[in-house]
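A short reminder: the numbers here are calculations on the coordinates, not readings from a lab. What you see is a predicted model; the values in this text were computed from it and never measured. Cβ atoms come from the backbone with ideal geometry, glycine included; neighbour counts cover every protein chain shown.
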Amino acid sequence: MRDSAPQTIHLADYTPPAYWVEDVHLTFRLAPTATRVLSRIRFVPNSDAPGRFFLHGEGLTLISAKINGAPVSPAFVEDGLTCAVPDGPFTWEAEVEINPQANTALEGLYRSGGMYCTQCEAEGFRKITYYPDRPDVMAPFTVRVEGSDPVLLSNGNPVAQGDGWAEWHDPWRKPAYLFALVAGDLVAHRDSFTTRSGKDVDLAIWVRKGDLHKCAFGMDALKRSMDWDERVYGREYDLDVFNIVAVDDFNAGAMENKGLNVFNASAVLASPDTATDANFERIESIIAHEYFHNWTGNRITCRDWFQLCLKEGLTVFRDQQFSADERSAPVKRIDDVLALRARQFREDNGPLAHPVRPESFVEINNFYTATVYEKGAELIGMLKRLVGDENYARALDLYFDRHDGEACTIEDWIAVFEETTGRDLSQFKTWYSQAGTPRLDMTDSFADGTYTLTFRQHTPATPGQPDKAPMVIPIAVGLLSPNGSECVPTTLLEMTKAEQSFTFEGLEEKPVPSILRGFSAPVIVTRKSDNAERAFLLAHDTDPFNRWEAGRALAKDALVRMVKEGAAPDAAFIDALGQVLADDTLDPAFRALVLHLPGQDDLAQTLFDAGVTPDPIAIYAACDSMADAIATTLESQLASLFDAMQVPGTYSPDAEAAGKRALANAALSLLSRRDNGARAQVQFDGADNMTQQLAGLGALIKQGKGDEALQAFYEQWHDDRLVLDKWFGLQCSLAKPDEAANVAMTLTAHPDFEWKNPNRFRSVLGALASNAAGFHHPSGAGYTVMADWLIKLDPVNPQTTARMITVFETWRRYDADRQALIAAELDRIANTPDLSRDTAEMVSRIRG
Ligand code: PHE
Ligand code: ZN
């Protein structure tokens, strides 16, 4: 409950803290419903910014407070307390009581599966004790944990322990959002790592006993991440221990708390029989991501939450580089662009569009977005492309050198690049402040051996930003001769104006352009090329990304014509697809990506951009009949591919084997349309790993033959929460359009639907939303189930509710009837009494 209207916070209003913290001592006396937290904090006035003494605090019961040993009576003010303090440095001591058991929001100290754990980013520490809970206040922490659990963990290095207590000391100054504490009956999967300067680090992944067999892959990924950061960025680990804990109840993927990363169980636990190839890949990237935060986020942190992309964009970029190095770089790039388009472009082209560095917010938790993370990473990639690899490495060295131990801004970040290269990057900075996805148009001409490319850029208006300035756009271009050979290798063009031409001389004939190679900038190319050119690029481009992109464009064009004009599936597209599939020089993972049709949400946006109101049911039907046509035309080829891509022997999640399975399973999904699920049933029955089992199950469900398999799957796996999430999810995401809402409703009544667990909630409601035609069924039933559950979850877990409500962010694309149905549900949510600040902000931004 709030007593006053939520405040909007502005970047422009930043002021430094009035007091610095020199040192923090915390003692936790753990008890499920009445935990005592004792704090002893040394404050020093900031002579550069004198001001009132203020400590954040939320939901705390203050038992006692002292300054320099003498009792004080602080005044409670909005969001915390204030108190008269002496001039000069002083020691604040407080004892507070909190109730972890009642904490269902999963922010602060809470209980999950019988253990205690914490989540403090962004502003959860204020739910643990009174503190200046802002990232620019950094301090060393000493923590004593008292409790009856055998394992008592906190940040930093272990100092001492005894029966019922443990002490930890983190020597590295850190903001409170990186604080963590875990206590429980846990066991460890242990290993060790020796840094390149010879320091031994004890590594442990802490889990409940039954999960010990699911830790090996995460541990291996951790060691590879530690090694990679040393080799590629010259960054070594800096404590004696590195602990990871798996928890069942977690709002996000994982959290980079110093020396004590807390992970959603789904982001770390994996065994071949319970996790899919995609799960393994995700786990590897999240382990890397959190580990890389140790330097980009922890050693160098953010001055304020507006600078969130400083740590997140850079760390996502680093984890993407890592995965590209560990696996196939082209396949990784395509996967990342697919995710960027599905999540970030969707956000950037709707009511929630905001700059990579937002300028205001009501609830910071609402800004852990695809724009801050994924577009933020694209900005780093563009910077690297613009300055070159060597300058990038020098700029990063300077960044680590200069800012170690500091809380920084995007200005600090840009400055290291400007100083390293002597370039003026002020125009580049627009990428941080201007929301929206730039549209890039192109025309070309050829005369007397000179080929001219003319680009035009335009960024559509976004909420609060009607007019846009031209951006610096790095456009990687290659040119191909009509005979298919490359006549100009990849060249980086730097576009800085609204319209700009570039020439290539000495060419014998008009070349075929391959533009935006490697997706060199997060823009939408609006140029209409014809299908002959796309087919040519799909066959000949030397840039794997653009090769895939050409196939994608062909698929989209064919599907759009089916939806718009009732066209038949394009035979030329299917033929081109067949040629790619037959090319054994191409990586199976790459061929699998080409074989996957564009997503239905992506097609809806494409139609909308073309001025057509998308009908999700018509899009579904088009995709369905395209898949039928592919399966029919390419049946024998798919059948031999399916056989050829079987991976014999013991399961291994490595990229090569996973790529083969991806191609085999893409083929299986199509072939099931021809064999009535026969192959899928065989695969499901005989599978010795989750990838194969789940692909078999999915294909059976799609053929309407999944009932028995679903039952068998449930019986086999109902004790494994993560696998059971898949069972829930698959039924919702694969349900037929007119059944999806009902399936979701039925599943929410299932005894295993533990709705307060975010993973389980998402496995039904998130999966329903991913089923575009089911969610947007004209009955509106999908919207109603969703709204009912969001209203129910909001008082329990505002963060997960506010995140999930983005399923409605595309509502303005649709017809008047659907818009009216969605508007009614949004209004119903908005009018719910005592709606959380998180959800209230989101619903009002989406509703507009
Ligand atoms: N900082 C975490 C990450 O990106 C994400 C996170 C944010 C987790 C807020 C929990 C709460 O790695
Ligand atoms: Zn992160």
Original post:
Where the centre of each part is set by its Cα atoms, how far does the range 368-390 sit from the range 175-247, in angstrom?
Top reply: 27
Original post:
Taking the alpha carbon gyration tensor of the range 330-390, what are the square roots of 5 times its eigenvalues, largest first, to the nearest whole Å?
Top reply: 23, 15, 9
Original post:
What's the angle, to the nearest 10 degrees (0 to 90), between helix 721-733's Cα axis and the longest principal axis of the chain?
Top reply: 40
Original post:
Looking at this model, which pairs from LYS468/LYS726; LYS332/LYS726; LYS223/LYS384; LYS375/LYS510; LYS564/LYS736; LYS258/LYS429 are more than 32 angstrom apart at the alpha-carbon?
Top reply: LYS468/LYS726; LYS375/LYS510
Subject >> the range 504-577, relative contact order [Cα under 8 Å, separation at least 6], % >> reply: 26
Original post:
Please state the relative contact order of the chain as a whole percent: Cα pairs under 8 Å, 6+ residues apart?
Top reply: 8
Subject >> Dimensions (Å) - the range 153-302, Cα atoms, principal axes, largest first >> reply: 42, 41, 30
Original post:
Scaled to the compact-protein estimate 2.2 N^0.38 Å, what is the alpha-carbon radius of gyration of the range 508-653, rounded to two decimal places?
Top reply: 1.12
Original post:
How many percent of DSSP beta bridges within the chain run antiparallel, rounded to 5?
Top reply: 80
Subject >> Relative packing of peptides 378-384, 205-211 - highest average C-beta neighbours within 10 Å first >> reply: 378-384, 205-211
**OP:** Report, in deg cm²/dmol and to the nearest 500, the calculated mean residue ellipticity at 222 nm for the chain, where each DSSP H run with n ≥ 4 adds -39500 (n - 2.57) and the sum is divided by the residue count.
**Re:** -12000 deg cm²/dmol
**OP:** Two decimals is fine: what is log10 I(q)/I(0) at q = 0.18 Å⁻¹ for the range 186-238, from a Debye sum with one equal scatterer on every Cα and no solvent?
**Re:** -0.60
Subject >> Per-bin percent of Cα-Cα distances, the range 218-323 [10 Å] >> reply: 15, 49, 31, 5, 0
Subject >> the range 108-218: projected area of the alpha-carbon convex hull, averaged over directions, in nm² >> reply: 8.2
Original post:
Hey, what's the Cα Rg ratio for the range 41-87 versus the globular rule of thumb, 2.2 N^0.38 Å?
Top reply: 1.20
Original post:
Normalized C-alpha radius of gyration of the range 667-824, against 2.2 N^0.38 Å?
Top reply: 1.09
Original post:
Can you tell which of GLN307, CYS120, GLY848 lies farthest toward the positive end of the dipole of the chain, using +1 and -1 charges on the Cβ of basic and acidic side chains (Lys, Arg; Asp, Glu)?
Top reply: GLY848
**OP:** Please determine, in degrees from 0 to 90 and to the nearest 10, the orientation of helix 389-403 with respect to the longest principal axis defined by the Cα atoms of the chain, where the helix direction is its Cα long axis.
**Re:** 10
**OP:** Just check the range 769-845 against the gyration tensor rule for me: Cα atoms, a ≥ b ≥ c as the square roots of the eigenvalues, rounded for a/c under 1.5, and otherwise prolate or oblate depending on whether a/b exceeds b/c.
**Re:** prolate
Original post:
Where does helix 571-582 land angle-wise versus the long Cα axis of the chain, in degrees 0 to 90, nearest 10?
Top reply: 70
**OP:** Could you calculate, for the chain, the ratio of the Cα radius of gyration to the Kirkwood radius, expressed as Rg to Rh?
**Re:** 0.96
**OP:** Would you mind giving the average projected area, over all directions, of the Cα convex hull of the range 447-559 in nm² with one decimal?
**Re:** 7.9
**OP:** Can you tell me the relative contact order of the range 31-162? Whole percent, Cα pairs under 8 Å, sequence separation 6 or more.
**Re:** 28
Subject >> Kirkwood-Stokes translational diffusion coefficient of the range 386-467, alpha-carbon pairs, 37 °C, 0.692 mPa s, µm²/s >> reply: 207
Original post:
Which aspartates and glutamates, on any chain, are close to LYS497 with Cα under 19 Å apart, when same-chain ones fewer than 8 places away are left out?
Top reply: ASP424, ASP441, ASP444, ASP467
